[in-house]
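Participant: I have a structure I would like to understand better, so I am pasting it below and will then ask my questions one at a time.
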Amino acid sequence: MTVDRKARTLGPADKGRTVQGMDRESGRRFVGTLLEGDFTHDWLWIRLTGGGTVRVGLDDMVQVTGAWRAIGPDCIHGKHRACDARALDEEQDDIVECTCHCHNGEEAV
């Protein structure tokens, strides 16, 4: 499954997933496996497989492919305070606890 998410919602559980978006430095599209990230000011530096680092804004949309973590719609759009800690598990078609880092105490990548 591929979903559109704001870069700020990426966290440790997203390592190993395929991420694609726009590189702010070059203006080119990028595709790669998320190895690690570093939040610096309003940017997320993402190191991808095959070498190279890309810079995306925290509010930029990226496409994430791989196992889906159930994240509430408000968290996906960066509205963490509005999230009621519920999300849809699309595989089980059930309402479950939101797994965004803002609820579980994880640091973002």
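The values are calculated or read from the model by the stated rules, or taken from the named source; none is laboratory data. What you are looking at is a predicted structure, and each value in this text was computed from that prediction instead of being measured. Here Cβ is always computed from backbone atoms with ideal geometry, including for glycine, and neighbour counts include all displayed protein chains. All accessible areas refer to the heavy atoms of the entire protein, side chains included, with ligands and DNA or RNA removed. Shrake-Rupley method; radii C 1.70, N 1.55, O 1.52, S 1.80 Å.
Participant: Would you please give the residues with an amide H less than 5 Å from that of F30, counting only those at least 5 places away or on a separate chain, with H modeled from the backbone geometry?
Facilitator: Here the answer is G21, M22, D23, since their amide H atoms fall under 5 Å of that of F30.
Participant: Something else now. Quick one: which residues, 5 or more positions from A70 or on another chain, have an amide H under 5 Å from its amide H? H modelled 1.01 Å from N in the peptide plane, none for Pro or chain starts.
Facilitator: Here the answer is T99, since their amide H atoms fall under 5 Å of that of A70.
Participant: With a Förster radius of 41 Å, plug the Cβ-Cβ distance of E25 and K79 into 1/(1 + (r/R0)^6) and report the FRET value to the nearest 0.05.
Facilitator: With R0 = 41 Å, the Cβ-Cβ based efficiency is 0.90.
Participant: Moving to a separate point now. Calculate one ³J(HN,Hα) per residue across region 46-60 by plugging θ = phi - 60° into the Karplus curve 6.51 cos²θ - 1.76 cosθ + 1.60, and present them in order as whole Hz with x for glycine and proline.
Facilitator: These are the phi-based 3J(HN,Hα) values: 10, 8, 10, 4, x, x, x, 10, 10, 10, 10, x, 4, 9, 6 Hz.
Participant: So, one more: What list of ³J(HN,Hα) couplings, whole Hz, do you get for region 3-20 from phi and the Karplus terms 6.51, -1.76, 1.60, once you set θ to phi - 60° and write x for glycine and proline?
Facilitator: For region 3-20, the Karplus-derived couplings read 10, 8, 9, 6, 4, 5, 8, 5, x, x, 5, 8, 4, x, 8, 7, 10, 9 Hz, x marking Gly and Pro.
Participant: Rounded to the nearest whole Å², what accessible area per residue is found for the chain with the 1.4 Å probe?
Facilitator: Per-residue accessible area for the chain comes out at 57 Å².
Participant: Can you work out the Karplus-derived ³J(HN,Hα) for every residue in region 28-39? Use 6.51 cos²θ - 1.76 cosθ + 1.60 with θ = phi - 60°, whole Hz, and x for glycine or proline.
Facilitator: Per-residue couplings from phi come out as 9, 6, 10, 9, x, 8, 5, 9, 6, x, 9, 7 Hz.
Participant: Which one of Q20, V54, P73 is farthest out on the positive end of the charge dipole of the chain, using unit charges on Cβ (Lys, Arg +1; Asp, Glu -1) and the Cα centre as origin?
Facilitator: After comparing all options, I get V54.
Participant: Tell me, what % of the accessible area of the chain is carbon and sulfur with a 1.4 angstrom probe?
Facilitator: Taking all protein chains in place, the chain shows 45 percent carbon and sulfur surface.
Participant: Write down the radius of gyration of the chain and its Dmax, each obtained from C-alpha positions, in Å.
Facilitator: Taking only Cα atoms of the chain, I get Rg and Dmax of 13.4, 41 Å.
Participant: As a check on your grasp of the helix formula, calculate [θ] at 222 nm for the chain: sum -39500 (n - 2.57) over DSSP H runs of n ≥ 4, divide by the residue count, round to the nearest 500.
Facilitator: Computed mean residue ellipticity for the chain: -1000 deg cm²/dmol.
Participant: Treating the beta-carbon of each Lys and Arg as +1 and of each Asp and Glu as -1, no other charges, what is the dipole magnitude of the chain about its Cα centre, to the nearest 20 debye?
Facilitator: Dipole magnitude for the chain comes out near 460 debye.
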